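Trainee: Please read through the structure below; I'll follow up with questions.
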Amino acid sequence: MIELLESNTLARQIHENLTGKTIKFVVAAQSPHKFAWYHGDPAEYPARLVAKSILSAEAHGMFVQVNTSGGTLLISDGVNLRWHPAAGPVPAKHQLLLEFEDGSALSASVAMYGGLECWEQGEIIENSYYLTALAKPSPLSEAFNDSYFTQLILDEKVQNQSLKAALATEQRIPGLGNGCLQDILWLAGLNPRKKVSRLSEEQIDSLFTILKQTLATMTALGGRSTEKDLFGRPGAYQVVMCAANATAPCPRCGGPIIKEAYLGGSVYYCPSCQPK
């Protein structure tokens, strides 16, 4: 799933490898998917994209924004993006395929759900999650400082919520999802079910520092080992708290790692290092 670090990695790789390429052929919605979301009729995507050039790419929260000479292509969480060199095979099933004049291609395949939205220049963008990501500071930026984080965490709206609910839902921190949060909370020694109101001032300060440092490290390493980049390679950040390690001992204390269903997903924690 695309979270902050994956969107930054994908945007950088698209910018470095696809900028200047001209789109020759487009196929949208070839493989029907109930939870693949488009802007308008995907049958109109060829008219919006063919003969347009890739100008740049940027990351905003969980979104990868690809800027073309004709408008914007917005890829959201849940989409697998792959670049295929000239003459290379492309997936038989996909929800969007862009072929370039040099013979290379970019494919987008939706896993459980995901957005592939294309706007022409001048159109009003109505994606509220994307607009929120634009409006709020990225945790990778200097604007996301200790003062900003403290104000966010002390907001009375989140005081009675758990750390998972407060930090990884409603895009309070754009691009920070349940996947990244697990290692952050493990490193901070905090349980995902712990109420925000029970945090001490010291714990808030520590959580801020660890959150900033961990996301920066994850991004610098090209994303998590559980996710793949534009070339199909896993990220170099080795995730500790994830499904693959659910039966492994905690690297810190050697105790068991617990997996539980919580708030529509799974949480992983060490009951010794992260007491409830």
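The values are calculated or read from the model by the stated rules, or taken from the named source; none is laboratory data. These figures come from a predicted structure and were not determined experimentally. With ideal geometry, Cβ positions are generated from the backbone for all residues, glycine too; neighbour counts draw on all protein chains shown. The protein model used for the area step is the full one, side chains on, heavy atoms only, and it has no ligands, DNA or RNA in it. Shrake-Rupley method; radii C 1.70, N 1.55, O 1.52, S 1.80 Å.
Trainee: Go through the range 216-253 and give me each residue that's in a loop (DSSP other than H, G, I, E, B) and among the β-branched types (Val, Ile, Thr).
Mentor: Residues satisfying the conditions are 226, 239, 240, 247.
Trainee: Taking the range 27-79 on its own, how many of its residues are assigned to a strand (DSSP E or B), among the hydrophobic types (A, V, I, L, M, F, W, C), under 28 Å from residue 222 (Cβ atoms) and in contact (Cβ under 8 Å) with a residue 60 or more places away in the chain?
Mentor: Going through the range 27-79 one residue at a time, the tally reaches 7.
Trainee: Could I ask something else about it? How many residues are assigned to a loop (DSSP other than H, G, I, E, B), of a type in the set (Ser, Thr, Tyr) and either at pLDDT below 95 or surrounded by 15 or more Cβ atoms within 10 Å (Cβ to Cβ) (or both) when one looks only at the range 93-148?
Mentor: 3
Trainee: Any residue in the range 107-132 that is under 22 Å from residue 52 (Cβ atoms) sitting within a Cβ distance under 7 Å of a residue that is of a type in the set (D, E, K, R) and outside any loop (DSSP other than H, G, I, E, B)? List the pairs, counting only those 6 or more apart or interchain.
Mentor: Sorted first by the residue in the range 107-132, then by its partner, the pairs are 107/82; 118/48; 120/48; 127/117.
Trainee: Quick one: which residue in 105, 111, 133 is out of contact with any Lys or Arg (no Cβ under 8 Å at 6 or more places or on another chain) and more than 17 Å from residue 177 (Cβ to Cβ)?
Mentor: 105
Trainee: Within the range 149-169, how many residues turn out to be among the basic types (Lys, Arg) and either open to solvent by less than 10 Å² (accessible area, probe 1.4 Å) or in contact (Cβ under 8 Å) with a residue 40 or more places away in the chain (or both)?
Mentor: Summing the residues that are among the basic types (Lys, Arg) and either open to solvent by less than 10 Å² (accessible area, probe 1.4 Å) or in contact (Cβ under 8 Å) with a residue 40 or more places away in the chain (or both) in the range 149-169 gives 1.
Trainee: Still on this structure, I have one more. Let me confirm something: among 21, 34, which residue is open to solvent by 30 Å² or more (accessible area, probe 1.4 Å) and within 18 Å of residue 84 (Cα to Cα)?
Mentor: It is 21.
Trainee: Also, quick follow-up: Filter the range 213-247 down to the residues that are out of contact with any Leu (no Cβ under 8 Å at 6 or more places or on another chain) and among the basic types (Lys, Arg), then identify the one that is nearest to residue 7 (Cα to Cα).
Mentor: For the range 213-247, the residue satisfying everything is 228.
Trainee: Among the residues that make up the range 170-185, is at least one of them open to solvent by 20 Å² or more (accessible area, probe 1.4 Å), within 14 Å of residue 212 (Cα to Cα), without any contact (Cβ under 8 Å) to a residue 60 or more places away in the chain and assigned to a helix (DSSP H, G or I)?
Mentor: Within the range 170-185 (the criterion being open to solvent by 20 Å² or more (accessible area, probe 1.4 Å), within 14 Å of residue 212 (Cα to Cα), without any contact (Cβ under 8 Å) to a residue 60 or more places away in the chain and assigned to a helix (DSSP H, G or I)), the answer is no, since none of the residues qualifies.
Trainee: Among the numbered criteria (1) touching a strand residue (DSSP E or B) at 6+ places or on another chain (Cβ under 7 Å); (2) modelled with pLDDT of 95 or more; (3) open to solvent by 10 Å² or more (accessible area, probe 1.4 Å), which one does residue 16 miss?
Mentor: (1)
This table checks each residue for (1) touching a residue at least 40 places away in the same chain (Cβ under 8 Å); (2) surrounded by fewer than 14 Cβ atoms within 10 Å (Cβ to Cβ).
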residue: 200; (1), (2): no, yes
residue: 211; (1), (2): yes, no
residue: 215; (1), (2): yes, no
residue: 229; (1), (2): yes, no
residue: 237; (1), (2): yes, no
residue: 242; (1), (2): yes, no
residue: 246; (1), (2): no, yes
residue: 259; (1), (2): no, no
residue: 262; (1), (2): yes, no
